[in-house]
Amino acid sequence: MDAPVEEETVPGPSRRIVLAGALGSALNGLLPPEPARAAGTAAPRRPAFAAPFTLGVASGDPAPDGVVLWTRLAPRPDAEDGRGGMPDRPVDVEWEVAEDEAFTRVVRRGTETAVPGFAHSVHAEPAGLAPGREYFYRFRAEGHLSPAARTRTAPAAGAAVPALTVAAASCAKFGAGYFTAYRALAADHPDLVLHLGDYFYESDDGDVRDPGGPEPVDLAGYRRRHAHQRSDADLRAAHAVAPWLVVWDDHELANNWAGGDRARAPQRRRAAFQAYYEHMPLRRASVPRGIDLQLFRRVPWGSLATFHMLDTRQYRTPRGRGGSITGPEQERWLLEGFRSSTAGWDVLGQQVFFAPRGGGGHKNDTWASYPGSRERITRGWVEAGVRNAVVLTGDEHVHHANEIPLGDDGRTVGTELVTTSITSGGDGEGGAGDGGRENPHSRYREDRRGYLLTRFTPTELRADFRTVEQVRRPGAPVRTSASFVVPDRGALSRP
Ligand code: FE
Ligand code: CA
């Protein structure tokens with residue numbers, strides 16, 4: 001059975017959680033026994049599969065007591081039917097969480113059933129972990145052991161947090177170059193990674209590497225595209241270093257798609273959303289329902305920061321001052337989040353360029369086409385008394401540091417840091433400057449590939465723009481080409 005994409009409501013895979021340790025032993029006695037097999041009955045034939053953990057492992061959406069653990073069984077990631085070379089039957093996958101990298105102190109264990117209807121993906125949600133600490137996890141399936149990876153839980157609600165390192169990335173076009181930036185991001189050992197969209201590109205162009213088959217239009221095609229992306233070891237290393245908070249932009253479905261396309265190609269939209277869920281470390285709240293997928297969500301990090309992860313694609317209304325890039329419901333949720341926040345830093349993790357451009361030259365699928373939305377959000381910060389407002393942005397394929405004015409051109413009320421692309425745009429022009437002539441709100445722009453590394457403390461946000469010399473050849477050097485600081489309640493400046 002492989003048809004949930006045709007249904008309005010998708011049942012999640014079944015799950016059972018087994019506790020490890022003394023408590024686990026006590027509770028295990030209470031679990032219902034496995035049904036006994038009648039004597040003399042042969043075990044059902046189970047077709048075997050080759051080493052299935054080719055796509056690596058990932059974690060995401062950390063909470064104080066748990067985190068999503070992800071993998072997908074796919075012995076042949078590029079299989080044209082999108083099934084990854086798996087037999088058409090459910091497979092039990094065990095997971096375990098340990099306090100140490102050698103797995104000598106396992107604190108939680110459980111089993112998920114990976115089903116063909118979800119491409120044999122696994123989304124385990126262990127609970128009962130300790131807040132604000134590092135863990136290691138791995139999976140086992142029918143004798144195969146996955147690579148182990150690091151993750152961490154969020155701090156307890158309201159807890160004081162001395163520091164948090166967050167990497168942000170976007171726009172990883174497989175065909176355009178090597179994911180050297182992901183490798184460097186992993187080496188920086190962030191506590192958390194924000195992926196701000198264009199996780200892959202659906203287009204089949206790219207002259208450096210094979211993009212992974214023709215442009216996807218159906219479930220098999222999107223599954224294959226995701227699997228091809230994960231065949232990259234640098235990307236897998238970035239997933240294995242820290243939990244990710246992911247939001248999509250347009251290319252996870254199609255170039256420049258937005259909510260207005262709702263009635264157009266619903267089958268393609270369902271297929272893209274289904275494959276996105278299957279391949280991302282998302283919670284069960286994000287299991288797609290028909291052509292809808294719940295992606296906007298809030299992740300608090302003690303008293304230090306709150307991450308408001310936005311979906312600026314699915315709910316757009318027509319462009320213009322009266323239009324909304326978030327849709328009214330998400331906007332209400334966001335403004336309420338500002339009012340109830342007591343965080344030192346309120347961080348928007350979102351897709352497209354936010355600050356006004358002044359001199360123009362903006363893409364018409366950014367916040368520039370929705371000035372009313374931007375005005376309501378910047379006023380929302382002021383009215384809610386948000387202590388420090390920060391917007392982290394992808395999509396541009398250029399690094400930017402911007403001051404965000406109240407409304408279109410009022411006083412500065414926030415900071416936008418735009419991360420360039422991992423590979424999109426190729427090696428780039430390399431031009432760097434303050435961007436001031438074309439945009440009065442810009443303090444920096446740089447056309448190189450790379451990612452953004454930020455460090456939040458109660459007294460300061462520091463941002464390092466990390467850049468790769470080139471992406472058309474593997475292994476290019478990575479450096480910090482510019483750094484900025486924002487003191488608590490202060491303005492963007494050079495350190
Ligand atoms: Fe992009
Ligand atoms: Ca984009």
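The values are calculated or read from the model by the stated rules, or taken from the named source; none is laboratory data. Computed from a prediction, not measured in an experiment: that's the story for all the values here. With ideal geometry, Cβ positions are generated from the backbone for all residues, glycine too; neighbour counts draw on all protein chains shown. With ligands, DNA and RNA removed, areas are computed over all heavy atoms of the protein, side chains included. Shrake-Rupley method; radii C 1.70, N 1.55, O 1.52, S 1.80 Å.
The set of residues in the range 178-201 that are open to solvent by 10 Å² or more (accessible area, probe 1.4 Å) and within 16 Å of ligand 2 (Cβ to nearest atom) contains only Tyr201.
Please go through the range 384-399 and give me each residue that is more than 16 Å from ligand 1 (Cβ to nearest atom), touching an Asp or Glu at 6+ places or on another chain (Cβ under 6 Å) and assigned to a loop (DSSP other than H, G, I, E, B), ordered by number.
To start, the set of residues in the range 384-399 that are more than 16 Å from ligand 1 (Cβ to nearest atom) comprises 384-391.
Pick out the ones that are also touching an Asp or Glu at 6+ places or on another chain (Cβ under 6 Å) and you get 386, 389, 391.
Of everything in the range 384-399, just one residue is more than 16 Å from ligand 1 (Cβ to nearest atom), touching an Asp or Glu at 6+ places or on another chain (Cβ under 6 Å) and assigned to a loop (DSSP other than H, G, I, E, B), namely Val386.
Taking the range 126-143 as the range and being surrounded by fewer than 17 Cβ atoms within 10 Å (Cβ to Cβ) and at negative phi as the test, the residues that pass are Ala127, Ala130, Arg133, Glu134, Arg140.
Report yes if Pro318 is modelled with pLDDT of 95 or more, away from ligand 2 (no atom under 16 Å from the Cβ) and surrounded by fewer than 21 Cβ atoms within 10 Å (Cβ to Cβ), otherwise no. Outline the logic, then answer.
On the way: modelled with pLDDT of 95 or more: no; away from ligand 2 (no atom under 16 Å from the Cβ): yes; surrounded by fewer than 21 Cβ atoms within 10 Å (Cβ to Cβ): yes.
So Pro318 fails the test.
Considering only the range 234-268, state which residues are more than 19 Å from the chain's Cα centre (by Cα) and among the basic types (Lys, Arg). Answer for the range 234-268, where residues must be more than 19 Å from the chain's Cα centre (by Cα) and among the basic types (Lys, Arg): Arg262, Arg264, Arg268. Select from the range 214-266 the residues that are among the aliphatic types (A, V, I, L, M) and over 26 Å from Ala187 (Cβ atoms) and write down the one among them that is modelled with the lowest pLDDT. Only one residue tops the list, namely Ala263. Please verify whether the range 302-314 includes one or more residues that are part of a loop (DSSP other than H, G, I, E, B), within 29 Å of Arg443 (Cα to Cα), within 16 Å of ligand 1 (Cβ to nearest atom) and touching a Ser or Thr at 6+ places or on another chain (Cβ under 7 Å). Yes, the range 302-314 contains a residue that is part of a loop (DSSP other than H, G, I, E, B), within 29 Å of Arg443 (Cα to Cα), within 16 Å of ligand 1 (Cβ to nearest atom) and touching a Ser or Thr at 6+ places or on another chain (Cβ under 7 Å). Does the range 367-383 contain any residue that is over 20 Å from Gly327 (Cα atoms), in a loop (DSSP other than H, G, I, E, B) and not small (Gly, Ala, Ser)? There is no residue in the range 367-383 that is over 20 Å from Gly327 (Cα atoms), in a loop (DSSP other than H, G, I, E, B) and not small (Gly, Ala, Ser).
Looking only at residues in the range 43-59 that are modelled with pLDDT under 95 and of a type in the set (A, V, I, L, M), the one that is surrounded by the most Cβ atoms within 10 Å (Cβ to Cβ) is Ala48.
Take the conditions hydrophobic (A, V, I, L, M, F, W, C), in contact (Cβ under 8 Å) with a residue 12 or more places away in the chain and not in a loop (DSSP other than H, G, I, E, B) and apply them to Ala181. Does it pass?
Details: hydrophobic (A, V, I, L, M, F, W, C): yes; in contact (Cβ under 8 Å) with a residue 12 or more places away in the chain: yes; not in a loop (DSSP other than H, G, I, E, B): yes.
Yes: the conditions hold for Ala181.
Could you give every pair whose Cβ atoms fall below 6 Å, whose first residue belongs to the range 278-295 and is farther than 16 Å from Arg223 by Cβ, and whose second residue is basic (Lys, Arg), counting only separations of at least 6 or pairs across chains? From the range 278-295, the pairs are Ile291/Arg269; Ile291/Arg270. Restricting the first member to the range 390-401 and to residues that are under 16 Å from Gly426 (Cβ atoms) and open to solvent by 10 Å² or more (accessible area, probe 1.4 Å), and the second to residues that are more than 14 Å from ligand 1 (Cβ to nearest atom) and among the small types (Gly, Ala, Ser), no beta-carbon pair is closer than 8 Å while six or more apart or on different chains.
Could you please let me know if Leu406 is among the hydrophobic types (A, V, I, L, M, F, W, C), without any contact (Cβ under 8 Å) to a residue 40 or more places away in the chain and closer than 21 Å to Val485 by Cα?
Values: among the hydrophobic types (A, V, I, L, M, F, W, C): yes; without any contact (Cβ under 8 Å) to a residue 40 or more places away in the chain: yes; closer than 21 Å to Val485 by Cα: yes.
Against the criterion (among the hydrophobic types (A, V, I, L, M, F, W, C), without any contact (Cβ under 8 Å) to a residue 40 or more places away in the chain and closer than 21 Å to Val485 by Cα), Leu406 qualifies.
Please return the ranges of strands (runs of 3 or more DSSP E) entirely within the range 400-480 where 1 or more residues are away from ligand 1 (no atom under 16 Å from the Cβ) and under 21 Å from the mean Cα position of the chain (by Cα). Quick ask: steps written out before the conclusion?
Working: elements: 412-418, 442-446, 449-456, 460-468.
Ranges flagged: 412-418, 449-456, 460-468.
Of the residues making up the range 221-256, those that are open to solvent by less than 10 Å² (accessible area, probe 1.4 Å), within 16 Å of ligand 1 (Cβ to nearest atom) and in contact with a helix residue (DSSP H, G or I) (Cβ under 9 Å, 6 or more places away or on another chain) are Arg225, Gln229, Leu235, Val246, Trp248, Glu252.
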